[in-house]
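Data first, discussion second: the structure below is written as C-alpha cells.
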Amino acid sequence: MIILAIDTSCDDTSISIIEEKNNNPKILSNIVSSQVKLHALYGGVYPSLAKREHQRNLSIVLEKSLSKAGLLKLKTKKTKKTSENKTPTHFPSAEFLDKYKKPKIGLIAVTIGPGLEPCLWQGINFAILLAKELKVKIVPVNHIEGHILANLLLPVGKNPNLQTSTTKKIVFPAICLVVSGGHTQLILMKNIGKYKIIGETRDDAAGECFDKTARILGLPYPGGPAIAAEAAKFSISNSQFSIKLPRPMANSRNYDFSFSGLKTAVLYDFKKRPKEVRASKRYVQEMAKEIQQAIIDVLIKKTLKAAMNFNAKSVILGGGVAANKELRKQLREKIKTELPNVKLFIPEPKLCTDNAAMIAQAAYFHRKSATDRWKKIRAKARLKIKNVD
Ligand code: KG4
Ligand code: ZN
C-alpha cells in the first residue's frame, strides 16, 4: 500500500510517500520545506506567516515528493506548449492535472492536531482537494502519535531487509517521551493506538525552553540546535563562571515537567553579568552546556522513573528535541546501566523533527479509520493522544 502524508502542524511543510509491505515501511520520499529562515527573523513561529508559507509551499512540495518517489509520470499525450511554458504546473492547477498521470496512491494521511490551527487547516484542505482528485480516503492523524511511530520507520534508501520488523518491534508496555517545541509528555503505550498520558509540562515545553533561552543568549532560532552547537564547544577545564541552573521538578513524585523556571534562572544569571561577559563566547558556551544538561537531567530522570514504575519493556523517544546528540547518548548510557532489559527506540535525527513520513506511518496503523466524509476532518489545535486505560 502506498500512503501519501501531509504535515503542516507548525512551521514545516512536509509531504511524504511511504510504501508498506508486510509491516515493513519504506520511505519513498520525505520532503520537508523548512520555514526556519523566515521565522528566525522574528525569533519564533508566527502562525499567520506560517500559514501563508504553507499555502505557497504545499503544491511545490507535493510535486517534489511525488517526483522523488518516482510517481510523477507525464501523460503521453502532448500538452499545449503555451500552458506548459507560461503557467506553473503545481497542483491543483488544470495544467498540473493535464500534464501528469494520476499517481497510484492508496491512501492520504493528514495531521489534524495538535498544532497551530491556521496551519493545520492548510494541510487538511489540501489533503481533501487531493483525495477528491485521486478518489481515495483520508486518515486523520495525531501529530504526537506520529512522533512516537517515527521509530518504526526505516531511513530513506535503507533496504528493509537489513532491519527486519522483528528488530524494530516494540515490546509493550512502553514509556514514550515526546519532546518537541510544543510538547513534553510522558506517555504509557500499551499497544499501537493505546496510550495514556502520565505526565506533561505544566508550562513551557523542553524545545520551547531551548528556543527561549537561546534567544536570551543571542543565539538564532531554532534554539535547540544552536544551544547544542555552543555546548559542544565548551570543555570543563575552561569553566570560568560555575553556572548552576535548577533541575525543575526533577524530584517531584509525579511525571510532570516545568521548564519556565529554568528560563527565568537563565535570564536572571544573564542579567547579573557585566555586558562584556554576556557577550563573550566563553559565557555563552558554558551557559549553553548547563541549559542543555539541566533539560537532559530532568528528562532522563523522569523517563527512567516512569519506565521502572510501569515495568516498561521499551522506552521510546520522539520529537524535535530527540535529535539532541547529548540526550540520545546519555539516555542510551543510562538505560544500558540501569535498565539493561529495556529496549530503547530513538529515530534517526531527521525523523525526530517534524516530517510527514511519521504521519504516513501512523496512518498505516489506523487505515481502518480512513474516511471520505470530508466535513468530519477538522483541525484540533489541542488534540490529545487517545487516552485508553
Ligand atoms: O518536533 P518539532 O520539529 O516541532 C514541534 O512539533 O514542535 O520540534 C521542534 C523543536 C524546537 O524547539 C527545536 O529547538 C528543537 O525541537 N530541536 C532541538 C534539536 N533540534 C531541534 N532541541 C535540542 N537539540 C537539537 N539538536
Ligand atoms: Zn512535532
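The values are calculated or read from the model by the stated rules, or taken from the named source; none is laboratory data. Everything numeric here is computed off the predicted structure, so don't read it as measured data. Note that each Cβ is placed from the backbone with ideal geometry, even for glycine, and that neighbours are counted across all protein chains shown. Protein only, heavy atoms only, side chains kept; ligands, DNA and RNA dropped before computing areas. Shrake-Rupley method; radii C 1.70, N 1.55, O 1.52, S 1.80 Å.
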**Complete:** Checked segment 114-150 for anything open to solvent by less than 40 Å² (accessible area, probe 1.4 Å) and within 19 Å of residue 194 (Cβ to Cβ); matches are 114, 139, 141, 142, 143, 144, 145, 146, 147, 148, 149, 150
**Request:** Could you check, for segment 322-342, whether at least one of its residues is in contact (Cβ under 8 Å) with a residue 40 or more places away in the chain, more than 20 Å from residue 228 (Cα to Cα) and in a loop (DSSP other than H, G, I, E, B)?
**Result:** no
**Request:** Inspect segment 194-203 for any residue being farther than 26 Å from residue 362 by Cβ, within 16 Å of ligand 1 (Cβ to nearest atom) and either surrounded by fewer than 23 Cβ atoms within 10 Å (Cβ to Cβ) or in the same structural domain as residue 273 (by TED's automatic domain parsing) (or both) and give the result as yes or no.
**Result:** yes
**Message:** Quick check on residue 316: is it crowded, with 24+ Cβ neighbours inside 10 Å and either within 16 Å of ligand 2 (Cβ to nearest atom) or not basic (Lys, Arg) (or both)?
**Reply:** yes
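So which residues in segment 172-185 are out of contact with any Pro (no Cβ under 9 Å at 6 or more places or on another chain) and either part of a loop (DSSP other than H, G, I, E, B) or away from ligand 1 (no atom under 16 Å from the Cβ) (or both), if there are any at all?
Those that are out of contact with any Pro (no Cβ under 9 Å at 6 or more places or on another chain) and either part of a loop (DSSP other than H, G, I, E, B) or away from ligand 1 (no atom under 16 Å from the Cβ) (or both): 172, 173, 174, 175, 180.
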**Request:** Tell me which of these residue 209 doesn't satisfy, since it passes every other one: (1) out of contact with any strand residue (DSSP E or B) (no Cβ under 6 Å at 6 or more places or on another chain); (2) open to solvent by 30 Å² or more (accessible area, probe 1.4 Å); (3) touching a residue at least 60 places away in the same chain (Cβ under 8 Å).
**Result:** (2)
**Message:** Residues that are more than 20 Å from residue 179 (Cβ to Cβ) and in contact (Cβ under 8 Å) with a residue 40 or more places away in the chain, at least 2 per element: which helices (runs of 4 or more DSSP H) completely within segment 216-304 meet that?
**Reply:** 260-272
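Can you name every residue in segment 1-30 that is within 16 Å of ligand 1 (Cβ to nearest atom), outside any strand (DSSP E or B), open to solvent by 10 Å² or more (accessible area, probe 1.4 Å) and not acidic (Asp, Glu)?
Result: 10, single match.
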**Asked** Just checking, which of 59, 33 is of a type in the set (S, T, N, Q) and either modelled with pLDDT of 95 or more or assigned to a helix (DSSP H, G or I) (or both)?
**Response** 59
**Complete:** Within segment 332-356, the residues that are surrounded by 19 or more Cβ atoms within 10 Å (Cβ to Cβ) and within 13 Å of ligand 1 (Cβ to nearest atom) are 346, 347, 351, 352, 353, 354, 355, 356
